[in-house]
Structure formats: C-alpha cells, structure tokens
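Since the structure comes first, as structure tokens, the remarks are kept for the end.
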Amino acid sequence: MSTPRRSNDLRTMVTIWLILSAVLDPVYFWVIGPHMPPGTMTDSAAGQQFDINVLVVTALPVVLAVWVYMAYAVINWRASKIPADTPVFVADPKRATRIQVAWILVTAVTVMWAFGFGVYELVVPAGAGGGEGPNPVWTPTSKNILPIQVIGQQWLWTYRYPTFGGFETTQLMIPNNTEIAFHVTSLDVIHDFWAYQLGVKADANPQEDNVAFTHTAQVGRFTVRCDELCGIWHGAMYDYGHIVPKATFYKWATSTEAKLASQTKLLPPFAWIYTPDANGADGGYYPNNVVPYNKTELYSSQHVRITQYGAKNS
Amino acid sequence: MASTIDTPIAGRHVSTRPAGGLGLNRYQNVFTAFVVAAGGYLLGHYIGNVIGSGYVSVQGGGQNDVAIVLALTFGALGWLLGIGALNYPLAKLVGASPEYPPTEGGWMRYFRFSLDHKVVGMQYVIATLLFLFTGGLLAMAIRTELLNPTIHVLGPGTYIAVVGEHGTIMMMMASSLVIGPLGNWLVPLMIGSRRMAFPRVEAFSLWLFTAGYMVILTALPMGGFPTGWTGYAPLQTQAGGGMDSYLVGFAIIGTGMVLAGFNLAATIVTCRAPGMTWGRLPIFVWSVLATAALLVFATPTLICAGLFGILDRTAQTAFYVNEHGGSSFLWENLFWFFGHPEVYIMALPGFGMVGEMLPVFTGKQLFGYKVGAAGMIGVALLSFFVWQHHLFQSGINPDMRPLFMLTTELISIPTGFIFLVGLGTLWKARMRMEPPMLFCLALYFNFLIGGITGVFLSDVPVNVTVHGSFFVLAHFHYTIMGGLVFAFFGGLYYWLPKMTGKTLNRKLSLAHFWVMFIFFNLTFFPLLIVGLLGQPRRVFEYAQRLQPLNDFASVSAYILGASFLIFIANFVWSIWIDPKPAPTNPWGSRGLEWQVPTPVPAYNFEHIPVIVSDPYLYGVPDAPPVADFGGASSPAYAAALAGDTAGDGAARSE
Amino acid sequence: MATQTTYQSTPEEAAYEQRAAESALWIGSRFLIGIGAFVYASLAFAYFYLRSANNLDFWRPNHVTAPTALGAAIFALTAATFACIAYGQYRFRRGEAADLAVAGWTAVLLGALAIGLQIYELTRLPFYPGSSGYASCFVGWGAINIAGLVLSVYWIETLLARGHRVKHEVAGDGGLVRSGLPVARLFRANLEGATYVMGFMTLASLFFWVFFYLV
C-alpha cells in the first residue's frame, strides 16, 4: 500500500522539478544572463558575469528542488488532509542510509564543481579583477600593461599615471583594448576601489600596494565607489571614470602631463606606497627606502617586492 | 552521603544560611546595580583623568581614551558588584563557602542575581529581546535614511553611528539569542539535570551581557563609532570616543560569550542523566554543544583583538598602525578568525531548534539524527578555516584564495545535512501547521536563499562583484535573521508555554508569523538585487536608479518591524493581561523538558530521571517512554544511577 | 506560583551529582586551558604576523629588548609558582596536607611577586609602546600575562583559603586528603585543575619569554 504511494509522490515531485528546471535554466541563461551585472566592459567584468550565470544555472535546480519538495509536502502532507488512521511513515533504515549517502555525494560533487570552476575563472583571467596584493600570483601574459595608481584618502579618489611622469588627477581615464594594472593604495584608512562596470575591486590599504588587472573591451562611462567603510563621508566617496579609445587616451594623458607638470614637481616622487617620509615630513624618523617607479618592472613576485621597499638591510 | 555541608549539590535549594558570606544577595537587585555601576563609571573616569590627562595625545586631541575605557570598565565592574555577581568570588578569597541567593521572591527574582538556570533563561529572554528591539529600531532609522538617495534624514555622521550601533548590537544579541535564553533554560531539562555545571558562571555571563548592552549604547552620546560592527583599523585607531565603547563592549560581551559557552559545554559533557548517551542527546543539545565549542575557542581571539585595539587607543601601542610596525591586516585577520565562527555561533542553534520542533509537528521520527549531529560538528570545525573569505579583495594572501574558496564551499556540505534532516523529516509527514512549525518551514525557505547566496560570495570572481555590497548584507540577513531569528521566535512560541506556564494567543502568533515572513522576504530580496546592481554597504548616498528598490525595501522593513509589535502585544496580552494556563505538554512532545510539571520546580526533577529510549520515537507504535522518573523505587533506576551509564567521565577525576 | 523549593536526594543521586561536579571541574580546567591557548595564540599570531610583515622595517628597530633581568625574574617566579603548587599537590597526594599549605601559600606569594614585577616592568620599558611592532606586542603580552597570572593565583589562593576553612569539617573523615565528603572531593578536583592550569601558564610564559627576550 505504501510503496506505490511513495513512488508516486517522488515521481510527481521529480517531474515538476525537471520541467521547471528545464524551462527556467535556459530562460535565465539566454534571456536574463546577458544582462546580469557587472556587464561586459572588460574581460574581468565579462568573466564575472559568466561566472554568476553559471552559478545561477547550477543553483537554480537546487533551489527548485527544495522549493518543489517543500511546497509538495506542505500541500499534501498536512494533518488535516491525512486520515487519522493512516499509519505514520517510518523510514526503512537501509533506504535512509542510501539517501544520506546519495545526498552527501551529490552535494560534494556540486561543491567540487563550483570550486573547480571558480578557480578556473580566478586564475585564467589573471585574478578576475580582484585585488591580488603587492605580488600578484596570476598576471596577464601581455607585456604592455598600463599601470595606473589609485590612491584612496578620506574621502576622495585620485589617480597617478606613472608612465606619464606620475601626474596626479581626480579624473580616471583608461584606454580601450588595453591591459590595465590598477595599483591601489591608501593614505589613511582602508578604502576599497570598486570600479563596478569594470569588474574591478581591490582594498586600498595604507602602506600596501594592492594590484588588480583587467583588460578593457568597450568604451563608456563607469562608476567608482568606495566599498569599505572609511568614515562618515564613505557614502559620498564616488566618482566616474571613462574608457576611451586609445588615441583619445594618449592625447589626454600627454596633454594632462604637460598641463600638470608644475604641480607634479611638488608632489612626492611617484612610488607604489606613500610613507610619511615620502615628502620629507617625517623629520628623518623613517628609513628612506622607497624606490620610485621603474619602467622595466615586471609583475613577478620578488622583483616588485624589492623595488617597492628598497634594500631591506637598513 | 547527603551531607549537611553546603556543597553546590546536596541541599542546594534548602540552604539560605549565610555560610561565611555577608548574605548581601537578598538586598541586591538591578537598582543597586545601577547605582554601583554609576559610581564605578565616575570612579573610573576620575582615575583615567588622573592617569591620562598629562598625555600629549590627550592634551592634543581633547579626548581622554584612558578615562573613557576605565570609566566603562569600572562601570561594568560596578554593575556586577551591585547585582551581587562578585559577592562569592570576593568572599572566596577568605575561603567562604558558597552562598545561595534566595530562589523564591516572585517577580523580583527576575531582577536579581539568580543561580536558577530557568530564572537566568527568562532574564536572558528579556535581555536579548531588549537588544533585538533596540537594534531593530536602529534598522528602521537606517531604512528611513535610505528612502532617498540625496535627501538626508539623519545626515552622514548620525547615519554611520546608527549603522555601527545596529550592526554591533545585533551581532552581540544574535550570538546569545538562542544560547542565552533557550540554551540556558532548556539544556539542563533536556539532559535530565537539576542544575548547570557552573551556575555562577552562567549568571555571571548574563550580567556581563547586560553590562555589554549598556556599554555599547554609551557610544551614541559620544558620537558613535564610524567603523560599523567590523571595527576595521586604522579607522578604529582614528575614531572618536564611541570607538572605546565598541572595543570595551565587545570585550565584555566576548567574555560573557566565553563563559556562557564554557558552562554549557561543561554541563552537557558532565551533567547528563544516566542513560542520556551521546546517541540520545536531543539534537538541540548537540547544536548547543557545537556552538559552545565555538564560543569557547573562537571568542578569546575577539577579546584579544579588542584588547590590542584598546591598548592602541590608550597605551599608544601600534598593533594596527602600519607606520609604526603594526598592520591593519592584523585586525582583519584576528577579527575574522573570530568573526566567521561567530556566524555559525548564530546559525547552529537555529538548526538545532528546528530539528527539535520538526518531529513534534510532523509526528515523525527525526530523519538522519546522526547526520544532523555530525553536520553541526562539521560546520563548527570547518568554520575555523574559512575566515579569509571576508578578505578576498583585501590583498592579504592572494594566493590562498582558492584554498579559502574551497573550505568555504565545503561548509555547504555539512550545512546540507541540516537540510537533509529537515526535508527527510517532512517526507510523508502529518504536519500540524502550528506557529512553531511555520517558523521552522520559514527557516528552511530563508536559509536556502542565504546559503545559496553564500556560495556565490565564496566564489572569488563573483565576490569581486558583490563583496562589500548590499548583496552581502542581504545574504547574512537571510542567514541570521531568516535563520536564527525565525528559529528563535518559533522556539519562543514552542517553549514559552512551558517557560511561563501561559498559552500564547494562536491568532496573534499566526499573524506575527505571516507578516514577519512575507515582509522579511520583501525587505531583503530587493536588497540582494540592490547589491548586485552596485550599491555598497553603509552608504548614505546611492545611485538614483536604485531608489525604487530601496524604497520598496524600506516600506517592507517598516512592516517587518511592525510585526514585532504583534509579538509584543501577544506576549503582554497572553502572559499578563489575559493569561490562560498552558497544559503541561501542549504539543504532545516526547522531549524530557515537557515531562516535568509546569511551572517547572526550581530543582527540575524530583529524582534524577533515567533515560530509557531515543528522543524522537514519534509515531512509533509501542514506543517506550523517554525516561523513568520513578525514583529509587524502580530497580532499573538504582542500577542505572549506580552504573553511571551516561559515562560522565567521573572515573577520570579519582 | 507556590513552587516547592526543596527536594530530597537519595544517597545514590547525591553521589551521582557529586561525580558530575567533579567531572565538571576536570573538564572545566581543560576548557580553561583551551581558552588560554586561543588567547596566547592570538598574541603569538600578532607577534609573528607583525614580525614577518615588518612594515617599513619597524618590527624591531635596533633590536630593542625589554629589560632582560626583569623578564627572567618574572618567568622564574611564574615557573616557581607552578613548581610549588605542583610539589604541594604531589605531597598532598601522599597525605601531607600541611605541605600543601606551605607550598601553596609560597606559590601564592611568588605568583603575587611575579604580578608585581610584571607591572613594574611595564613602567620601566626602554621603548615607547608604539615605537615598533615588537614594543606593541610586548605591552600586549604584559597585559595578558598580568590577567592570566592574577586569575591563576586567585584560583590557588581561594582554594587554599577554602581548604583552611573547611579543615575542621572534614577532620573526622580522614581530612582533606582522604575524606569522601563532597567538600573534600571538590577540593581535590579543584587542586588538580589549578595545578594543570598553572602548568599551562608556565608553558605559555616560557614561550613568550623565549620570543620576547631571547630571540
């Protein structure tokens, strides 16, 4: 008596679940997916979008399975619907063990799939646009990387372009179709540089150079927000940047370099991090070991570390 | 053996004689505590001024952190002294025997230092609800500010203070929300014990908890703290006096958490009744045990991190000051080493309560009891190895990100066990849709969303998009509020009839549930989307295009807040205005706590029960009773007592 | 709400709860060691983290060191406190309750001296607390060590004081060493726990003594 009813219940649930998953997964992936944040302005943004979509497609059947099961249970298995003399279902221990083992296997496989895919999406696009610290492990293969320094301070972002004499500006302009290395640092507390549409996010730590890579793919405007609570005006710490065609960028950069040359001379010399000695304000308290930017620098770990801090044996 | 010597055990409730102490307890209550706390505050402030007023940093900054920290610390000590929590620890210095505060005294006993775990549990109920509603009001203020992206109700300074207070109060509250009220009230009853292992430690943790509440509120008149509940340095080092309230408050609450966990773990290990083997332990007790382990081992790190922060601000050390050889990463690491187990401190008891209630309302055995218990232990263990997933974008150990992604995702396997237990129990059930059952089902609905979004967050590339955004905020509200707070209210509806002896109004309970459930989801689901669309946390200004979603969430949040008024009305109405006595076992539960009379006597059990069967044999024909309460008249009873079948480890100490 | 406030334990029940109380002390002292381990691990983490980060070469400029003589004295006193209480417990087990009293009070005295010296040392540091990572960690160690020593010495002191107060109550039953009365059994369980915790304190002191003064 109970065996056929059991399989009917299960069959109904599985059928509903299969239909819903088979409909909703493709609808999501092809209809909603391409519009998911953070868009496709850079390769890291596109990678994140793809990653989100793949995870949603994986998660949707899981969510649906639980929801269908619960809905079915709530509708059918309530005391008011079941005759009082129906014997209570008692799980067969062997069957229960099989279900438990199967459950563990399925969740484990799902988790390992999510992990493997996540690692791939992290490593292959050179850190997926996230902050990789001063010595990035995963670097772009391109040799032509444009470094841009992002400096956070309460409550403002400024940007320095070391390849253009190290001028500092509040305007963030980046060329299209270019590999960019954002070097994010802070002068006071922890901020977080979040270029939303670029799919770039990196904490700005004082005395730390946090590098994030991305490859631009479309021109347009993007939002920059501070994403780590940095004091009362944290909410107002945002501005906009622009991806422009290469030629426009070089025109802008060279003209700005020339225009700001007199002010650049007054700034501390360009460095990856800024200590109080950078502009001589420390009264000789700090070891003077900050080495300026070196154009021949490569993104291999030890090299950056050494040029960044200078000789360690002071 | 029943001696006349006043040990913590024999004749505990008989003795009211002052045994070497001064018998002060009968004169002490919250009012004396307030007076002594105020005195302590002033004394601490005075000492701090004497010590610190000459410091360059104080003279230059106009803010004496030494005085603030000492005032808060002495205030908290004064609170403990005034309530009587320190009577025995001080009397002990001259070897005094323990002195027991009176267990009688009607309602006034709830305003006194009490060693009865049921009184402490009720005190915790009131204290945690006070915490919850204070934090909830602050949440309403946050949603009010976010009604409009550019027109400001609070302004950035007040807003950031409110955000910090809300987060900190809620985190402090949530870490004790179940452990404090229900853990303390229920665990001895569930394991068949007449007492806690360390009742003074238990009561001490409660009064520390209340002291922490007041300390954290003192931040508001000092301008709040600008760091949110995570307290990141160097902003922490830079902040005003409110930051001291945060650090001292968290250290006090942390100490209370360690002590509460210490007592509960020791109780569960040593005080189980004969026959209460590990395989018969109620699933809620398993969850409390796992949580207690987390409390005991993770919270010391928070206390240390707080101590370092206090030293940075008072003794001018440089733990978190990069320019002086410290590191802002140090706080992030220490804080999250505590902070992530903290998340499971909040989640696990909720799972346990649901596991406890589901069999009752489905009329079935709990499915996969062992898997459920193993899942909780697994979650507890794994939670120590995931903390850096909060720091994926920070630049700390970038090469470790795959490892932390793996450990974080692995946690979803034991968490999945909890779902397996729940869904398996629902199979061909005979569900009674009583309020507690609805809250249980809601937990599964909400926690599913919370858990799945957690997997998204653990994926590093996706984390680049959503880290630090409203997505994170909505995610952890789905897990903590959607999980723990729902389980807590389900538990209250389930156990309050036992705790208070009164029946709660069913219609109001159902109204509370439906309003809370619907508007909880209508509040936080839009916030998931808001986060995906690029709104960072803790901002008072946001993109114009996100206003409709934010306003929708705000209005829902108001109604969600109003749902708690239904609960309060229900509570007040059913318990004081129109009380209807509750039956001894209204839900037909097999739980040991339901087998004792209502109201539960101070000593819980006339005789130590002997546990004779598994706890969840619902619907099993001819299931034996849970326990033998018969006392020495039954032969099995004496044999079990003498044989010590619970294996409480007594053999070790001799 | 007229609840009955008394109950009658059978002898078996009293014995059962007595065993539970002793086990609770046993397991409680182990939990205390666990709590302490995480406290010290947090400090050790801070020490090694800042040391390896060495931000701006400010971990330990010029290899500044806290007063070594004082440091050695504090460690020696901590170790002596443990030695005394451990020896006291050893003699106590052999039936010499009086030896425990002498050794125990000596332990309390030495422990109090260690606390005093630790406080004194913090006022005599040759460096400013915020001058380096090392200096910060050292001040943190000072604070934690004072707290840890105060709690351990408090435990030993209260234990001995209790022992003196109840001595006459158990005198007819074999004294604290052999009496089966609850108060004596709890005393023994407490003594065992306190000794273990003090031993753990000494190990931690040794670790930090090495890393703050010798390395």
Within 10 Å of each Cβ in peptide B:524-536, how many partner chain Cβ atoms are there on average? Round it to a whole number, please. 3
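Residues of B:593-606, mean number of Cβ from any other protein chain within 10 Å of their own Cβ, rounded to a whole number? Provide the component values of the computation, followed by the final result.
Numbers: counts 0, 0, 0, 0, 2, 0, 3, 1, 5, 5, 7, 1, 2, 4.
For this peptide, the per-residue mean of nearby foreign Cβ atoms is 2.
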Which residues in segment B:436-471 place their backbone N less than 19 Å from a point set 7 Å from the Cα of A:THR223 along the Cα-to-Cβ direction? B:462-471
Which distance in Å, rounded to a whole number, links the C-alpha centroids of segment A:210-266 and segment A:64-123? 50
Exercise: per-residue mean of other protein chain Cβ atoms within 10 Å, A:77-84: 5
Give me the one-decimal nm value for the distance between modelled label points at B:LEU24 and C:ALA76, 7 Å along each residue's Cα-to-Cβ direction. 4.0
Computed Rg/Rh of segment B:114-577, alpha carbon atoms with Kirkwood Rh: 0.95
Shape call for the protein assembly as shown, from the Cα gyration tensor axes a ≥ b ≥ c (a/c under 1.5 means rounded, otherwise prolate when a/b beats b/c, else oblate), comes out oblate
Please go through segment A:91-200 and write out the trypsin sites (Lys or Arg not before Pro) that DSSP classes as loop and that have at most 12 other C-beta atoms within 10 Å. A:LYS143
As a test, work out the antiparallel percent of DSSP beta bridges whose residues both lie in the protein assembly as shown, rounded to the nearest 5. 70
Do you know the Lys pair count in chain B for C-alpha distances under 16 Å, with sequence separation 8 or more or different chains? 6
Would you mind telling me the share, in percent, of accessible area of the protein assembly as shown contributed by carbon and sulfur at probe 1.4 angstrom? 69
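By DSSP, what percent of the beta bridges with both residues in chain A are antiparallel, rounded to the nearest 5? Write out the running numbers ahead of the final one.
Values: 29 of 43 bridges.
The antiparallel fraction comes to roughly 65 percent.
Tell me, rounded to the nearest percent, the portion of alpha carbon pairs in segment A:1-86 spaced more than 18 Å apart.
On the way: 2106 of 3655 pairs.
Every Cα pair in segment A:1-86 considered, those over 18 Å come to 58 percent.
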With +1 on each Lys and Arg Cβ and -1 on each Asp and Glu Cβ, and nothing else charged, work out how big the dipole of the protein assembly as shown is about its Cα centre, in Debye to the nearest 20. 1800
Which one of B:LEU90, B:ASN49, B:ALA71 is farthest out on the positive end of the charge dipole of segment B:41-126, using unit charges on Cβ (Lys, Arg +1; Asp, Glu -1) and the Cα centre as origin? B:LEU90
Area hidden from solvent between B and C (accessible, protein heavy atoms only, 1.4 Å, total, Å²): 6300
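Just to be sure I understand: if I project the alpha-carbon convex hull of segment B:26-84 onto a plane and average over all orientations, what area do I get in nm²? Could you put the intermediate results ahead of the total?
Working: hull surface 14.2 nm².
Averaging across all directions leaves 3.6 nm² for the Cα convex hull.
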Residue among B:GLN316, B:MET196, B:PHE250 farthest towards the positive dipole end of segment B:163-316, charges placed on Cβ: B:MET196
Using the Cα centre of segment A:2-129 as the reference point, and only Cβ charges (+1 on K/R, -1 on D/E), how large is the resulting charge dipole? Debye, rounded to the nearest 20. 740
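Can you work out the FRET efficiency for the pair A:LEU156 and B:LEU147, with r the C-beta to C-beta distance and R0 = 30 Å, to the nearest 0.05?
On the way: r = 27 Å, r/R0 = 0.89.
Approximately 0.65, to the nearest 0.05.
222 nm [θ] for chain B, helices only, -39500 (n - 2.57) per DSSP H run of 4+, per residue, to 500?
Values: 23 runs with 390 residues, N = 654.
Here the helix-only value at 222 nm equals -20000 deg cm²/dmol.
Can you give me the convex hull volume of the Cα atoms of segment B:415-471, divided per residue and expressed in Å³?
Working: hull volume 4.9 nm³, N = 57.
Per residue, the Cα convex hull of segment B:415-471 comes to 86 Å³.
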What's the FRET efficiency of A:GLN171 with C:LEU206 using the Cβ-Cβ distance as r and R₀ = 56 Å, to the nearest 0.05? 0.45
Evaluate the distance, in nm, between pseudo-label points positioned 7 Å from the Cα of B:LYS580 and of A:LYS143 along their respective Cα→Cβ axes. 8.5
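Just how large is the dipole of chain B about the Cα centre, in debye to the nearest 20, putting +1 at every Lys and Arg Cβ and -1 at every Asp and Glu Cβ?
Value, rounded to 20: 1200 debye.
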Probe 1.4 Å, protein heavy atoms only - accessible area per residue of the protein assembly as shown in square angstrom: 35
For B:MET400 and B:ALA569, extending 7 Å from Cα along the Cα-Cβ vector and measuring point to point gives, in nm, a value of 5.2
Report the one residue of B:LEU80, B:ALA373, B:GLY40 whose Cα lies farthest in the direction of the positive end of the charge dipole of the protein assembly as shown (charges on C-beta: Lys and Arg +1, Asp and Glu -1; origin at the Cα centre). B:ALA373
Please give every one of the aspartates and glutamates within straight-line cross-link reach of A:LYS259, meaning a C-alpha to C-alpha distance under 14 Å, and leave out same-chain neighbours fewer than 8 residues apart. A:GLU168
Note down the net charge around B:GLY84, summing +1 for each Lys or Arg and -1 for each Asp or Glu among other residues with Cβ under 11 Å from its Cβ. +2
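The values are calculated or read from the model by the stated rules, or taken from the named source; none is laboratory data. It should be emphasised that the depicted structure is a prediction, and the values quoted were computed from it without experimental measurement. Note that we place each Cβ from the backbone using ideal geometry, even for glycine, and neighbour counts take in every protein chain shown. Each accessible area value is taken on the protein alone, full model and side chains, heavy atoms only, with ligands, DNA and RNA left out. Shrake-Rupley method; radii C 1.70, N 1.55, O 1.52, S 1.80 Å.
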